[in-house]
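One structure below.
Read-outs: derived from the displayed coordinates by stated rules, not from any lab. Quantities reported herein were computed from a predicted structural model and do not represent experimental measurements. With ideal geometry, Cβ positions are generated from the backbone for all residues, glycine too; neighbour counts draw on all protein chains shown.
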Amino acid sequence: MKTLLAGAGFALALAAPALAQGPDDTVAAILQADRDFASMAAEQGASAAFAHWMDASEGRLIRGTPEPVTGTDNFVALYAPFTGDTLLHWQPSEGFAGSGDDFGVTWGVWSIHTDGDNMSAPVARGTYVTVWHRNADGDWRGLLDMGTDDPSYEPGQTGSESADDGGDD
């Protein structure tokens, strides 16, 4: 009986880390990764952020072209215009994850501010979705990122003066 209890205790000790990492923890982790991604874009520029946070070999940016943008060099080139005071700002609104701890999705609202101030009225705004996976090193990286324009937004509006954006602006 002691051997059975000791074996069960040992099995629980080994399983505890797996049991502790549930979907809520995964959602919290990808939401934090998305916030860190946005923070890096604000501090170092969108090119550096996309080069770091998107998976270098598997990452894809869907930007309204027949083929997705792939590869770190192409991510950097795509966001090269976001220099100086031009800020690509975003904030996740929600995250979702399956039962595992290595895959999830975030979505939120993005905006472009040519004066570098995310509190000013943006020149453009929309929503985005990022699909995340945990890579072999255990780091969260974007597999797929896609954004759409908010057709109801008119430059000069602040907050939620246009149709509901689902975010916390």
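Okay, here's what the table says:
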read-out	value
Using θ = phi - 60° and Karplus 6.51 cos²θ - 1.76 cosθ + 1.60, couplings along region 94-101 (whole Hz; Gly, Pro as x)	8, x, 9, 8, x, 7, x, 10
Ala48-Glu154 pseudo-label distance in nm [points 7 Å out on the Cα-to-Cβ vector]	3.8
Lys, Arg +1 and Asp, Glu -1 on Cβ, resulting dipole of region 21-149 about Cα centre, debye, nearest 20	280
Label-point separation, Ala28 to Thr114 (7 Å along Cα→Cβ), nm	4.2
